[in-house]
Amino acid sequence: MLNHHKPLITGKTKLLGVIGYPVEHSLSPVMHNAAISELGVDFIYLPFPIKPEDLHRAIDGLEAIGVVGLSVTIPHKQAILPLLSEIEPIAAAVGAVNTVIRKNNKWIGTNTDIAGFISPLQNLDRDWSQTVAVILGNGGAARAVVAGCTELDCGEIHVVGRNQDKLEQFQASWENSPLEVNLKVHTWDKLPQLIPQANLLVNSTPIGMYPNVEQSALSAEQMQNLPGDAIAYDLIYTPNPTQFLQQAQQVGATAIDGLEMLVQQGAVALKMWLNRETVPVDVMRQALREHLKI
Ligand code: NAP
């Protein structure tokens, strides 16, 4: 069982939190406070709902009250870039910040979604140079997935979207990236050719997210053509598993859910804020499972 004691807030308690709008549905406070409580460190992690037009004032205010670390979520992941003193190369390459650290009186922005995405893949015994990655969607999360697949050195990266203009913009946005991203973009009608070649199939669209639990980015027939030794990875964490992952498991594929990415990106961030080598990842995962009743 988890340690459900209320945290003891003292005069020295250091502040962490998540900025977004809205933030009511953020799972980060549950996950981080569970780890903080387990570690017995004098920190607290709070939700900060900040409207887009208030972001600048809010960042100044959070600095003034001595906040030591922030998670950044929609709609601030890109908007926060010009307000930071330093941006880590990985966050600059992706064009989005999901984690901010206060260090030497500076706000330093980074992006732990890439590490979070890669983490469950690194435990698998695969030759990534021989891996064909097929990524569904070309939004914000797809950017972290492309960066992750590039870090893994995947042999081929294919991004599938519904809008040719957005796909071309997505591809062009990597041209000057230090990451040396090599990808091809395709419209959805090319899926029948791509699925049989896919070793790693990633859903980075919101299709199938609660309450649309019966939906999947692929039809059952399309999923039938996924190789049985492929990995299917859905970034969605509610429901768990999604229809997409259930279809993939039926053809024998290895399923990875979005909860693991959420936990792992959070663990990387918490290590930075607390300046620790390890954090209780199992406690973070369990806190989310209990909260989501899964
Ligand atoms: P986003 O920036 O809005 O991008 C969504 C992408 O999905 C866009 O490319 C969009 O296409 C496409 N899309 C949406 N509805 C579609 C439909 N009906 N048919 C085809 N394509 C569709 O959102 P995001 O931030 O990337 O998030 C995507 C998903 O990832 C969400 O479910 C989010 O919860 C999840 N996520 C999970 C984690 C995690 O830690 N597990 C982290 C980040 C995100 P257009 O570009 O054509 O509009």
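The values are calculated or read from the model by the stated rules, or taken from the named source; none is laboratory data. Quick caveat: nothing in here was measured; it's all calculated off a predicted structure. Cβ sites come from the backbone with ideal geometry, for glycine too, and all protein chains shown count toward neighbours. When the accessible area is computed, the model is the full protein with side chains, heavy atoms only, and any ligands, DNA or RNA have been set aside. Shrake-Rupley method; radii C 1.70, N 1.55, O 1.52, S 1.80 Å.
Here are some notes:
- Taken as a whole, the structure places VAL185 among residues that are among the hydrophobic types (A, V, I, L, M, F, W, C), in contact with a strand residue (DSSP E or B) (Cβ under 7 Å, 6 or more places away or on another chain) and either farther than 14 Å from LEU201 by Cα or modelled with pLDDT under 95 (or both).
- Candidate set from the range 213-234 (those that are outside any loop (DSSP other than H, G, I, E, B) and near the ligand (Cβ under 10 Å from one of its atoms)); member that is nearest to ILE157 (Cα to Cα): TYR233
- Restricting attention to the range 269-285 and to residues that are of a type outside the set (Gly, Ala, Ser) and touching a strand residue (DSSP E or B) at 6+ places or on another chain (Cβ under 8 Å), the residue that is surrounded by the most Cβ atoms within 10 Å (Cβ to Cβ) turns out to be TRP273.
- The residues of the range 91-110 that are in contact (Cβ under 8 Å) with a residue 60 or more places away in the chain and either touching a strand residue (DSSP E or B) at 6+ places or on another chain (Cβ under 8 Å) or in a strand (DSSP E or B) (or both), listed by number, are ASN98, THR99, ILE101, THR110.
- Exclusive hit being open to solvent by 30 Å² or more (accessible area, probe 1.4 Å) and in contact with a helix residue (DSSP H, G or I) (Cβ under 6 Å, 6 or more places away or on another chain), set PRO47, PRO82, PRO52: PRO47
- Some residue of the range 198-205 being farther than 20 Å from GLY116 by Cα and open to solvent by less than 50 Å² (accessible area, probe 1.4 Å): yes
- All positions within the range 242-256 that are surrounded by fewer than 23 Cβ atoms within 10 Å (Cβ to Cβ) and touching a strand residue (DSSP E or B) at 6+ places or on another chain (Cβ under 7 Å): GLN249, THR254, ALA255
- Lone qualifier among TYR237, TYR210 - being within 15 Å of the ligand (Cβ to nearest atom), open to solvent by 50 Å² or more (accessible area, probe 1.4 Å), under 20 Å from PRO120 (Cα atoms) and not in a strand (DSSP E or B): TYR237
- Those residues of the range 119-140 which are assigned to a helix (DSSP H, G or I) and either open to solvent by 20 Å² or more (accessible area, probe 1.4 Å) or not assigned by TED's automatic domain parsing to the domain that holds ASN182 (or both), in sequence order: SER119, GLN122, TRP128, SER129, GLN130, GLY140
- Only one of the listed residues (GLU168, GLU180) is away from the ligand (no atom under 15 Å from the Cβ) and either of a type in the set (Ser, Thr, Tyr) or within 26 Å of THR150 (Cβ to Cβ) (or both). That residue is GLU180.
- Selection from the range 91-118 of residues that are within 16 Å of the ligand (Cβ to nearest atom) and open to solvent by 40 Å² or more (accessible area, probe 1.4 Å): ALA115
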